[in-house]
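Input: a single structure, listed below in structure tokens.
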């Protein structure tokens, strides 16, 4: 059966007018074996087995939340459409109290974009906004009311929140700063700041007449795992001990925030992230909270592993982010925020390589693949025979439904210790006949060093398929993949 290359992309891209074939030749892709179907049992050598007969509830939405970096220029209209197509629940952005006090509400971010201009833009691409309300330490050149504490400071925070909430109603969540542990603040010092925040947020909610589910919600400034996750848990325990001992009946911690940059060789550890936070809350007699991971990455800052060059990190970022997000969600984390839409200083953290034309980096294509999984709605069982106890190797997330057939998102993540190429079979079983009354149209996409990688191949500005085949319906289907050591693949079976 003939395999077609460089065809139209996913429906997400088509809707944006980016899926049409452009003058962006792909590197040569070896012809792949034909997909084979049967009504018999599973293929014995399958590395991944997808069972459409075992439904597992709503699918985890890898692409549901995102972060704006203040170093970025303002995205253009094509980027707005790209972001809207991801159907974000929440976008996280930033406001600096010290700068607001000294430069006004519409001060310029480092990316030379006005704060209000930015808030207006991101209000159009998400259901809600989360604001990291930072810069609460005064300085001689940038003072704060009350020297950054007490009633005067609380009133300033309250008025700031009221101003922005009235102008940008989608503001729903506030973080009291960002990474105080990483910034060297003791939990004792930070908790004094946190008390001013919750008093100010309570006052703002009261003045705005917001109650119940309409309230502005407050969390800690995200604590971060800079050396290992145990350090984050230790700081969390110190903070929660102070919170539990606080006798103010109006204290509040509406959700818990954390950032994740460690455990590159053990992503499965993050399956325990929310359970550890919940246990810490329970140990202090506190109720369980929603947990948001508001930044995460293969590594922090500008770090590139010694064994790699920038191109390898760009390619590996997509499967690494998938591996971490998967285990965070498996452990019950409520929302994982992708970092970032565009980072003006650290390219491998950027989902978009071009903010005017909305050309994605490998990371951006990964989010588009995630949206294909979400569009089908119902998760189905996926098992792997090539996954370590630490969560390294080949894994998958699969879904079906909503009249859109079946999608399987595959990632091979092994950090710096990997086998260059692995040829595997993905066995998809119990494909519902009612979903495919005629043909099964199968497409395969890759994100790796050769495919859908604008950093390594600047001409690759549109999504390209590796293969496409039309098959007669079969209850079981074997799909061959050739995976690089750090790569992502998407299998889409459409009616």
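The values are calculated or read from the model by the stated rules, or taken from the named source; none is laboratory data. Note that the coordinates shown come from a computational prediction; the quantities given were computed from them, not determined experimentally. Every residue, glycine as well, gets a Cβ built from its backbone with ideal geometry; the counts of neighbours run over all protein chains shown.
Among the conditions (1) outside any loop (DSSP other than H, G, I, E, B); (2) out of contact with any strand residue (DSSP E or B) (no Cβ under 9 Å at 6 or more places or on another chain), the only one that residue 409 does not satisfy is (2). In the range 415-469, which residues are assigned to a loop (DSSP other than H, G, I, E, B), crowded, with 21+ Cβ neighbours inside 10 Å and more than 27 Å from the chain's Cα centre (by Cα)? The one that is assigned to a loop (DSSP other than H, G, I, E, B), crowded, with 21+ Cβ neighbours inside 10 Å and more than 27 Å from the chain's Cα centre (by Cα): 431. When 167, 199 are checked against the criterion of being crowded, with 19+ Cβ neighbours inside 10 Å and out of contact with any strand residue (DSSP E or B) (no Cβ under 6 Å at 6 or more places or on another chain), 199 stands alone in meeting it. Count of the range 43-101 residues, restricted to those that are in contact with a strand residue (DSSP E or B) (Cβ under 8 Å, 6 or more places away or on another chain) and either part of a strand (DSSP E or B) or surrounded by fewer than 17 Cβ atoms within 10 Å (Cβ to Cβ) (or both), is 24. Regarding residue 332, is this residue surrounded by fewer than 24 Cβ atoms within 10 Å (Cβ to Cβ), assigned to a loop (DSSP other than H, G, I, E, B) and modelled with pLDDT under 95? So residue 332 does not fit the description; no. Return only the number of the condition from (1) in contact with a strand residue (DSSP E or B) (Cβ under 6 Å, 6 or more places away or on another chain); (2) surrounded by fewer than 22 Cβ atoms within 10 Å (Cβ to Cβ) that residue 176 does not satisfy. Against the list (1) in contact with a strand residue (DSSP E or B) (Cβ under 6 Å, 6 or more places away or on another chain); (2) surrounded by fewer than 22 Cβ atoms within 10 Å (Cβ to Cβ), residue 176 comes up short only on (2).
Here the range 296-326 is the region considered, the condition is being buried (at least 24 other Cβ atoms within 10 Å of the Cβ) and farther than 20 Å from residue 353 by Cα, and the residue that is nearest to the chain's Cα centre (by Cα) is 325.
Applying the condition of being under 16 Å from residue 289 (Cβ atoms) and surrounded by 21 or more Cβ atoms within 10 Å (Cβ to Cβ) to the range 218-234 and asking which residue is nearest to the chain's Cα centre (by Cα) yields 222. Regarding the range 232-247, can at least one residue be identified that is within 29 Å of residue 445 (Cα to Cα), in a helix (DSSP H, G or I) and either touching a helix residue (DSSP H, G or I) at 6+ places or on another chain (Cβ under 6 Å) or free of Cβ contacts under 8 Å to residues at least 24 places away in the same chain (or both)? No, because not a single residue in the range 232-247 is within 29 Å of residue 445 (Cα to Cα), in a helix (DSSP H, G or I) and either touching a helix residue (DSSP H, G or I) at 6+ places or on another chain (Cβ under 6 Å) or free of Cβ contacts under 8 Å to residues at least 24 places away in the same chain (or both).
Residues are listed down the side, and each one gets a yes or a no for (1) farther than 29 Å from residue 82 by Cα; (2) modelled with pLDDT under 95; (3) in a strand (DSSP E or B); (4) in contact with a strand residue (DSSP E or B) (Cβ under 7 Å, 6 or more places away or on another chain):
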residue	(1), (2), (3), (4)
269	yes, no, no, no
272	yes, no, no, no
325	no, no, no, yes
340	no, no, no, yes
348	no, no, no, no
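Across the range 217-231, the number of residues qualifying as touching a strand residue (DSSP E or B) at 6+ places or on another chain (Cβ under 9 Å) and free of Cβ contacts under 8 Å to residues at least 60 places away in the same chain comes to 7. Residue 192 meets each of the listed conditions (1) under 30 Å from residue 305 (Cα atoms); (2) in a helix (DSSP H, G or I) apart from (1).
Of the residues making up the range 109-118, just one is touching a helix residue (DSSP H, G or I) at 6+ places or on another chain (Cβ under 8 Å) and surrounded by fewer than 22 Cβ atoms within 10 Å (Cβ to Cβ), namely 116. Cβ separations smaller than 6 Å between residues 6+ apart or across chains give the following pairs from the range 451-479 residues that are farther than 25 Å from residue 53 by Cα to residues that are in a strand (DSSP E or B): 454/353; 454/359; 461/359; 465/443; 465/445; 466/444; 466/446; 467/444. Filtering the range 86-108 to residues that are in contact with a helix residue (DSSP H, G or I) (Cβ under 8 Å, 6 or more places away or on another chain) and farther than 16 Å from residue 159 by Cβ leaves 86, 87, 91, 93, 108.
Just checking, does the range 435-443 include any residue being touching a strand residue (DSSP E or B) at 6+ places or on another chain (Cβ under 8 Å), touching a residue at least 40 places away in the same chain (Cβ under 8 Å) and within 18 Å of residue 312 (Cβ to Cβ)? No; the residues of the range 435-443 include none that is touching a strand residue (DSSP E or B) at 6+ places or on another chain (Cβ under 8 Å), touching a residue at least 40 places away in the same chain (Cβ under 8 Å) and within 18 Å of residue 312 (Cβ to Cβ). Can you tell me which residue within the range 255-295, out of those that are free of Cβ contacts under 8 Å to residues at least 40 places away in the same chain and closer than 19 Å to residue 190 by Cα, is surrounded by the fewest Cβ atoms within 10 Å (Cβ to Cβ)? Across the range 255-295, the extreme among qualifying residues is 256.
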